[in-house]
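The values are calculated or read from the model by the stated rules, or taken from the named source; none is laboratory data. Quantities reported herein were computed from a predicted structural model and do not represent experimental measurements. Quick reminder, even Gly has a Cβ in these numbers, built from the backbone with ideal geometry, and neighbours come from all protein chains shown.
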Amino acid sequence: MTPGFDDGFRDRLEELILWRRDVRRFRGDAVDPALIERLIGLACLSPSVGNSQPWRFVLVEAPACRQAVRASFVSCNSDALHDYHGERARVYATLKLSGLDQAPVHLAVFCERGTATGHGLGRRTMPETLDYSVVAAVQTFWLAARAYGLGVGWVSILDPVAVATALDVPDGWALISYLCVGWPEEEHADPELVRHGWQDRLSTPGLISRR
């Protein structure tokens, strides 16, 4: 039976999307592992090119692995800071760009680019659609986590090769996303980078073209 989605549901969906924020500040409370598994299960229902399902989830729990990831972040963040100058560098240095030290759950999401699942359908001309499929799964995880009250932060200031090596994943697995997950210390409807003066939101009409 086809489900029905009424105006009330659509309003709540819009609210969910609005409140899906990149969280960098977490409380120390533990998260039930069963909830994380449920969220990963929902993420695995995401669309993928050729039904290839190339996402691979790694729960990063060992202190040594987390420390290696943090070391990569510190190094890459320092390098990034040196790319900015003047006022932009000053603002960058004040931003909190990860929740690695506070988040109770660390989740690395990889793409198995050599997967035989899906038999190559749809990716011969655009092989990057494998990576896009994993991004879709990350977005599904993110929205589902928010629906349960969890916050998620995507840490991209990392060396993907260093992280893959530290986590000892199989060859051919490419890091797409490193997520910090936990209960938010604070709640905001606006993005942190807007709130702290890094970048305002662009207006939707300016992002639409017609041909």
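Overview of values
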item	result
Residue count, segment 188-211 (criterion: outside any loop (DSSP other than H, G, I, E, B) and surrounded by fewer than 17 Cβ atoms within 10 Å (Cβ to Cβ))	7
Selection status of residue 45, part of a loop (DSSP other than H, G, I, E, B), farther than 25 Å from residue 192 by Cα and at pLDDT 95 or above	yes
Residue satisfying all of: in segment 1-58; touching a residue at least 60 places away in the same chain (Cβ under 8 Å) and of a type in the set (Ser, Thr, Tyr); farthest from residue 139 (Cα to Cα) among these	52
Subset of segment 51-93 (residues that are over 17 Å from the mean Cα position of the chain (by Cα) and basic (Lys, Arg))	88, 90
Subset of segment 142-168 [hydrophobic (A, V, I, L, M, F, W, C), in a helix (DSSP H, G or I) and more than 21 Å from residue 193 (Cβ to Cβ)]	144, 147, 161, 162, 163, 164, 166
Selection count where residues are aromatic (Phe, Trp, Tyr) and part of a loop (DSSP other than H, G, I, E, B), scope segment 82-112	1
Residue within segment 95-102 that is touching a Leu at 6+ places or on another chain (Cβ under 7 Å) and modelled with pLDDT of 95 or more present	no
Filter result for residue 34 (of a type in the set (A, V, I, L, M, F, W, C) and exposed (fewer than 14 other Cβ atoms within 10 Å of the Cβ))	yes
Sole exception among (1) touching a residue at least 24 places away in the same chain (Cβ under 8 Å); (2) surrounded by fewer than 17 Cβ atoms within 10 Å (Cβ to Cβ); (3) aliphatic (A, V, I, L, M); (4) touching a His at 6+ places or on another chain (Cβ under 9 Å) for residue 69, by number	(2)
Test result for residue 53, under 25 Å from residue 168 (Cα atoms) and either among the basic types (Lys, Arg) or surrounded by 13 or more Cβ atoms within 10 Å (Cβ to Cβ) (or both)	yes
Matching entry among 115, 2 (being buried (at least 17 other Cβ atoms within 10 Å of the Cβ), assigned to a loop (DSSP other than H, G, I, E, B) and either on the phi < 0 side of the Ramachandran plot or touching a Lys or Arg at 6+ places or on another chain (Cβ under 8 Å) (or both))	115
Matching residues, segment 166-187, being touching a residue at least 24 places away in the same chain (Cβ under 8 Å) and exposed (fewer than 14 other Cβ atoms within 10 Å of the Cβ)	170, 172, 186, 187
